[in-house]
Amino acid sequence: MTQTNITWIEGSVVENEVHMTIVELSHASRTPQDLIMSWVSEGVLSPTGSSPQDWRFSGESLRRAKTAAHLTHDLELNTPGVALALDLLDEIAQLRARIQIRS
């Protein structure tokens, strides 16, 4: 007789309609708030709101913040380097989408 092991994985889908504060984004992305503020200054993240207390970040911002955190930690990129890398990754994604449309 064989034994079957079942593993359950739970997760959450964060949609763009979700709006997080800088504190929530910091916790969700495991990134210090001062680094998030520098990413906003460099254009990596674009929150709504006029001041850090009023900023709200979308689910897309969470995805970008997590990618930015990996680039910062794994590749030791500074903030301008992270901004450039994310712009290039976005451009690659857009080009791939165009190629798929034409295929």
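Numbers for the structure displayed
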quantity: Test for Val40: is it modelled with pLDDT of 95 or more and part of a helix (DSSP H, G or I); calculated: yes
quantity: Test: residue in region 73-80 that is part of a helix (DSSP H, G or I) and surrounded by 13 or more Cβ atoms within 10 Å (Cβ to Cβ); calculated: yes
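The values are calculated or read from the model by the stated rules, or taken from the named source; none is laboratory data. Predicted model, so just to flag it, every value in this text is computed and none were measured. Here Cβ is always computed from backbone atoms with ideal geometry, including for glycine, and neighbour counts include all displayed protein chains.
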